[in-house]
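The values are calculated or read from the model by the stated rules, or taken from the named source; none is laboratory data. Model, not experiment: these values are computed from the prediction. When we count neighbours, we look across all protein chains shown, and the Cβ atoms used for this are built from the backbone with ideal geometry, even at glycine. All accessible areas refer to the heavy atoms of the entire protein, side chains included, with ligands and DNA or RNA removed. Shrake-Rupley method; radii C 1.70, N 1.55, O 1.52, S 1.80 Å.
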Amino acid sequence: MSRPTADWLIRLRQNTGLASAIALFLAFYLFYNIFHPKGFSTPVLVQNADEAIALAMVAMAQTIPVLMGGLDLSVGAVMTMVNCLASHLVIGSPLQIAFGIVTCIAAGAAFGFANGCIVVYGRIQPIITTLATGAIAIGIALFLRPKPGGKVDEDLSWALTNSLSDFAETYGLFDGGKAAWFQPIAWIPAALVLLVLVILLIWVPFRRTVIGRTIYAVGSAEGAAFMSGLPVDRAKIAAFTLSGVFAALGGLFLAIQTSSGNADLPQASAYTLNSIAAVVLGGTSLLGGSGSAVGSVFGALILRVISFNFRIFDIPPLMQSLVEGLILLAAVSLGGLRVLQVKNRLELFR
Amino acid sequence: MSAALEKPARFALGPDDKPIVIASAFIILLLVIGTAYTLVTAGTMTLLSPNYLLQQLQIGAFLGIVAAGMMLVILIGHIDLSVAWTLAASAMMATTVGGPWAIPTGLAVGLAVGLVNGLGVAYLRVPSMIFTLAVNAVMRGLMVAHTGGFAPQTAATDLMRFLAAGRVGGIPMAIFVWVGVSIVIAVVLKRTVFGRTIYAIGNREAAAYLAGMRTRGVIVAAFAACGMLAGLAGVLLAGYSTKAYQGMGDAYVLPAIAAVVIGGANILGGSGRYAGTVVGVVLIVLLNSVLSIMQMPEAGRQIIYGAVIITMLLAYRSGRVHQG
């Protein structure tokens with residue numbers, strides 16, 4: 001008797017978390033641009049993008065272990081470690097720079113791989129494993145950079161932290177960024193393009209592989225995934241490895257943005273905690289099995305845009321933590337209201 | 001080892017005892033290494049002097065009290081990331097109020113935060129990881145607003161100073177407080193319905209609920225106790241350093257979790273003995289102290305700290321039959 005529900009409506013219902021994260025972000029960001037004296041302009045967008053990308057990457061890094069029902073307390077530390085490594089390596093001739101970038105990403109991947117191996121073969125819980133390996137990563141970072149400093153190639157730093165036209169101009173692409181067809185997209189921040197490329201080239205294909213699907217399956221019901229013959233162990237190792245890659249990309253971008261390396265322990269833990277908050281705001285279940293890295297990116301953007309709003313309204317930055325905490329509490333408590341609808345309390349124990 | 005499996009040992013250790021034995025052995029190893037180092041470099045045996053050991057226990061008391069509360073929460077299969085600013089908030093409010101009401105205020109703040117955590121986790125069923133994280137951010141914001149972002153000028157009361165830094169018969173008072181807390185927690189966990197329910201919830205909450213246990217009340221109580229112990233640690237720490245300061249609790253969250261886990265408790269809840277947590281605290285404090293005596297740079301310390309946690313847990317796992 002009931003009418004068939006429209007396809008897009010079903011998809012929306014399946015992705016309520018992601019949709020509300022996007023809506024919340026757009027609302028906050030619109031608000032910000034309306035009240036910003038130079039709102040809706042490229043410089044503002046570029047600056048915002050530069051400040052948000054590292055957290056967005058780290059939030060993606062956090063998402064994958066969370067999807068599996070685990071948690072990675074080392075993402076901020078791995079980001080810091082790669083940040084310090086990049087401040088040594090990403091400089092010199094183009095070949096050296098390329099080598100440096102590859103080495104940085106490989107370092108993150110290797111660290112994540114080690115995390116995965118300890119979790120799978122050592123049979124230690126992810127949260128404890130990464131608590132310990134996070135300390136090791138900070139130690140390596142401090143070893144690489146006992147004091148803040150170092151340098152990153154200036155051209156690269158300039159090109160990636162500005163708009164696409166600056167990027168093209170720096171490397172002499174598209175007639176130095178003057179090509180007619182290039183003009184409509186020349187205003188887009190290069191960092192934003194980088195983020196979208198990472199999502200499209202790494203996350204989306206990965207999610208569609210057997211390993212990617214296995215990660216979701218492990219998060220829903222590990223026993224069932226194992227019984228179905230899915231490669232559970234390989235998926236766990238791959239999840240942590242990819243998490244390491246994303247954290248490394250975050251650290252690499254932080255190095256490019258700040259043009260230095262800094263083994264800052266409070267900053268590392270702030271990134272780790274913010275990444276968890278971003279994952280939750282992005283609609284990923286901390287119990288595992290549902291959500292996506294794209295949602296976490298928007299979760300990270302929400303966290304960042306809150307602090308942008310603080311700046312233009314001249315609210316003392318001291319209040320920021322309070323407001324962030326209240327928004328997070330409100331978001332998770334709203335999700336908790338479903339408890340009121342549950343008729344059988346046994347359904348709650350999962 | 002296969003030989004051990006064939007012939008049952010005379011003094012068979014329970015699965016919960018093995019971590020405690022290994023961790024204790026590691027503590028002795030630390031003392032031996034440290035003593036050997038000081039013998040070679042300075043020709044003294046500082047580490048074995050009663051004064052040094054008492055001092056370590058005094059420093060360990062703060063972490064020990066936080067870890068005791070953290071253990072209750074970990075045993076029910078949750079985690080409390082809000083202890084950092086619960087601790088700081090209690091210390092700040094205690095010094096702000098001052099006078100005879102300083103300590104009750106500090107404990108009440110901790111209790112209140114713990115109750116909020118417990119209600120959110122037990123009734124709204126928000127994962128504790130994120131709920132306590134958000135509460136931590138809120139407490140931090142409230143305290144920064146309260147103090148303006150600077151270290152509060154108010155000082156700890158004399159009683160707080162006495163409890164944290166005073167000595168009775170040569171033994172620091174903080175150790176007595178820690179011992180008192182430890183006895184209460186150990187008895188509660190072992191001998192009371194509340195304590196047994198904590199283990200039952202950690203093993204399988206649905207089964208505990210079906211067995212007629214008041215699971216929600218116990219979860220709230222466990223978080224409340226954890227908050228109050230964090231508050232107590234904050235009051236003591238403010239007494240030890242004569243005042244409260246920003247971020248004073250930040251150095252206690254992850255070490256407290258590490259101490260509980262090194263003591264053999266399962267991070268997913270349901271198993272672990274309180275004695276293990278005490279041993280874990282002593283191990284962490286002693287490790288830090290020995291490394292600083294050896295003048296190990298921060299980089300090396302962090303790496304060793306992480307490596308020790310991993311190695312200890314791998315050692316607990318080895319020889320154990322595959323678990324489902």
task = Please work out if A:S157 is of a type in the set (S, T, N, Q), touching a helix residue (DSSP H, G or I) at 6+ places or on another chain (Cβ under 8 Å) and open to solvent by 10 Å² or more (accessible area, probe 1.4 Å).
result = yes
ask   = Has segment A:213-222 got any residue that is open to solvent by 30 Å² or more (accessible area, probe 1.4 Å), touching a residue at least 60 places away in the same chain (Cβ under 8 Å), under 26 Å from A:S20 (Cβ atoms) and among the hydroxyl-bearing types (S, T, Y)?
value = yes
query = Do any helices (runs of 4 or more DSSP H) lying entirely in segment A:1-82 carry at least 1 residues that are open to solvent by 10 Å² or more (accessible area, probe 1.4 Å), in contact with a strand residue (DSSP E or B) (Cβ under 9 Å, 6 or more places away or on another chain) and touching a residue at least 60 places away in the same chain (Cβ under 8 Å), and which ones are they?
reply = A:42-67
inquiry  = I want to confirm something. Restricting to segment A:122-145 and keeping residues that are outside any helix (DSSP H, G or I) and at the interface with chain B (Cβ under 7 Å from one of its Cβ atoms), which single residue is most open to solvent (accessible area, probe 1.4 Å)?
reply    = A:R123
query = Going through segment A:300-343 one residue at a time, which ones are more than 22 Å from B:P127 (Cβ to Cβ), within 14 Å of chain B (Cβ to nearest Cβ) and at pLDDT 75 or above?
reply = A:S307, A:F310, A:M319, A:Q320
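What residue, of B:V126, B:V138, B:V116, B:V144, is open to solvent by 10 Å² or more (accessible area, probe 1.4 Å), at pLDDT below 90 and within 13 Å of chain A (Cβ to nearest Cβ)?
B:V144
Scan segment B:263-276 and tell me whether some residue there is of a type in the set (V, I, T) and either more than 12 Å from chain A (Cβ to nearest Cβ) or over 24 Å from B:G14 (Cα atoms) (or both).
No, because not a single residue in segment B:263-276 is of a type in the set (V, I, T) and either more than 12 Å from chain A (Cβ to nearest Cβ) or over 24 Å from B:G14 (Cα atoms) (or both).
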inquiry  = Going residue by residue through segment A:191-210, is there one that turns out to be polar (S, T, N, Q) and either in a helix (DSSP H, G or I) or more than 24 Å from the chain's Cα centre (by Cα) (or both)?
reply    = no
task = Please work out if A:A239 is among the hydrophobic types (A, V, I, L, M, F, W, C), within 14 Å of chain B (Cβ to nearest Cβ) and open to solvent by less than 60 Å² (accessible area, probe 1.4 Å).
result = no
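Is there a residue being β-branched (V, I, T), touching a Ser or Thr at 6+ places or on another chain (Cβ under 9 Å) and touching a residue at least 24 places away in the same chain (Cβ under 8 Å) anywhere in segment A:187-199?
yes
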ask   = Restricting the first residue to segment B:80-103 and requiring it to be under 16 Å from B:L142 (Cβ atoms), which pairs with a second residue that is among the basic types (K, R) and crowded, with 24+ Cβ neighbours inside 10 Å meet a Cβ separation below 7 Å and a spacing of at least six or different chains?
value = B:W85/B:R140
request  = Answer yes or no as to whether B:A164 is touching a Phe, Trp or Tyr at 6+ places or on another chain (Cβ under 7 Å), over 30 Å from B:A208 (Cα atoms) and assigned to a helix (DSSP H, G or I).
outcome  = yes
message = Restricting to segment B:58-97, give me the number of residues that are over 13 Å from the mean Cα position of the chain (by Cα) and open to solvent by 20 Å² or more (accessible area, probe 1.4 Å).
response = 5
message = So the check is Cβ under 9 Å with 6+ separation or different chains; which pairs have a first residue in segment A:255-280 that's closer than 16 Å to A:A135 by Cβ and a second one that's of a type in the set (F, W, Y)?
response = A:A263/A:F143
key: Residue, nearest to the chain's Cα centre (by Cα), within segment B:204-243, restricted to residues that are among the hydroxyl-bearing types (S, T, Y) and closer than 14 Å to B:A91 by Cβ   = B:Y240
key: Members of segment B:191-208 found to be of a type in the set (V, I, T) and crowded, with 17+ Cβ neighbours inside 10 Å, listed by number   = B:T197, B:I198, B:I201
inquiry  = For the list (1) out of contact with any Pro (no Cβ under 7 Å at 6 or more places or on another chain); (2) facing another protein chain (nearest Cβ under 9 Å); (3) over 21 Å from A:L252 (Cβ atoms); (4) surrounded by 15 or more Cβ atoms within 10 Å (Cβ to Cβ), I need the number of the one condition that A:G295 fails.
reply    = (2)
ask   = Pick from segment A:250-264 the residues that are open to solvent by less than 20 Å² (accessible area, probe 1.4 Å) and more than 14 Å from chain B (Cβ to nearest Cβ): which of them is nearest to A:Y216 (Cα to Cα)?
value = A:G250
query = Quick check: is even one residue across segment A:301-318 assigned to a loop (DSSP other than H, G, I, E, B) and under 30 Å from A:L200 (Cα atoms)?
reply = no
request  = Name every residue in segment A:72-90 that is over 13 Å from A:A268 (Cβ atoms) and not small (G, A, S), in order of residue number.
outcome  = A:L85, A:H88, A:L89, A:V90
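Only one of these is assigned to a helix (DSSP H, G or I) and within 14 Å of chain A (Cβ to nearest Cβ): B:F150, B:F131. Name it.
B:F131
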key: Qualifying position, being more than 14 Å from chain B (Cβ to nearest Cβ) and of a type in the set (A, V, I, L, M, F, W, C), among A:A270, A:A247, A:A278   = A:A247
task = Looking only at segment B:222-260, count how many residues are under 29 Å from B:Y199 (Cβ atoms) and either open to solvent by 40 Å² or more (accessible area, probe 1.4 Å) or within 14 Å of chain A (Cβ to nearest Cβ) (or both).
result = 11
inquiry  = Being in contact (Cβ under 8 Å) with a residue 12 or more places away in the chain and touching a Leu at 6+ places or on another chain (Cβ under 7 Å) is the filter here; which residues of segment B:285-304 pass it?
reply    = B:V285, B:L286, B:L287, B:V290, B:R301, B:I304
